[in-house]
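Report on one structure; see the data block that follows.
The values are calculated or read from the model by the stated rules, or taken from the named source; none is laboratory data. Here the structure is a predicted model, which means the values were calculated and not measured. No Cβ is skipped: glycine too gets one built from the backbone with ideal geometry, and neighbour counts run over all protein chains shown. Quick note on the areas: whole protein, heavy atoms, side chains included, nothing else; ligands and nucleic acids left out. Shrake-Rupley method; radii C 1.70, N 1.55, O 1.52, S 1.80 Å.
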Amino acid sequence: MITIKFKRVKNFYVCLQFVIVLLVITGCNFSEDLYLNEDGTGKISINFDGSELMQMAGDKVSEGKEEVIDSIIVFKDFLEEKKDSISKLPEEEQKRLKRLENFKMHMLMNTNSKEMKFDLYSDFKDVSELGDVFNDFKTASSVGNKNQSDKQNGPPTLMSTPEAEGSKVSYSFKKNKFKRSTEIFNYEILKQSLDSLEQMRMFLANSKYKLNYHFPRKIKKVSSDKAMFSQDGKSFTLEVGFMEYMKNPKILDVEVALENK
């Protein structure tokens, strides 16, 4: 594994932009993994397997060049390196980028084996400090090299802004109870996103969004009757159709009660 300097990875930007475009027009599977410790600290990640996209895209991603990338992107380094450029962006864009400060992204891309996998992850000191990881993934993919596209010299800045967000996920863990809840604050944006996928409904029918949550103690109760428990009773998996999730993000809202210490 290596840590990449952003000014040296033009192809990386291209790959990320390509993924974020295709993930809304072709089959895609996401998994959101959360590991919660007894003191409320833990780790969260969102995993995306884009191997199917690589197979469909052929040489479009690498422009016909054989390439293997196995890299770790440290967003904290990027934000520090580009702080002057970022300070000139609109305040809303700065806030979205700021949310990436504690994240790292592992990217595996192999044009020979047609593999493309992304893992955006972060440790946290308090689960309530987390934002919407799926939206953060989309924000990460919007980072690019505007100067390259404009054929200008100088350090890379930022490309297009992230797509507007119509909902936000929040997390909490208090008194043996964990909660993942979604606030929908712009139904029009959600409707527009869903309408844009309507023609691909049949193709997206098998795409999934899955929660894999792990807790320090046995689970006493989960609000969803679709949750599947691990053998030790400390973890559960909850899977829904991607189109279902896009239509109603609250479908993955869940409350978990843990056994007493």
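Computed quantities for the displayed model
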item	result
One residue from Ser181, Ser141, Ser196 being in contact with a helix residue (DSSP H, G or I) (Cβ under 9 Å, 6 or more places away or on another chain) and either modelled with pLDDT of 80 or more or open to solvent by 10 Å² or more (accessible area, probe 1.4 Å) (or both)	Ser181
Count - residues of the range 65-82 that are outside any helix (DSSP H, G or I) and under 20 Å from Lys43 (Cβ atoms)	4
Every pair of residues 6+ apart whose Cβ atoms lie under 6 Å, when the first sits in the range 72-89 and is touching a residue at least 40 places away in the same chain (Cβ under 8 Å) while the second is part of a strand (DSSP E or B) and of a type in the set (Lys, Arg)	Ile72/Lys104; Val74/Lys104
Residue check for Ser85: loosely packed, with under 14 Cβ neighbours inside 10 Å, in contact with a Ser or Thr (Cβ under 6 Å, 6 or more places away or on another chain) and either assigned to a helix (DSSP H, G or I) or modelled with pLDDT of 85 or more (or both)	no
Of all residues in the range 199-228 being of a type in the set (Ser, Thr, Tyr), at pLDDT below 95 and part of a loop (DSSP other than H, G, I, E, B), the one that is farthest from Glu255 (Cα to Cα)	Ser207
Subset of the range 238-260 that is open to solvent by 50 Å² or more (accessible area, probe 1.4 Å) and among the charged types (D, E, K, R) - its residue that is nearest to Glu188 (Cα to Cα)	Lys247
Enumeration of residues in the range 103-130 that are free of Cβ contacts under 8 Å to residues at least 60 places away in the same chain, buried (at least 16 other Cβ atoms within 10 Å of the Cβ) and not in a strand (DSSP E or B)	Phe103, Thr111
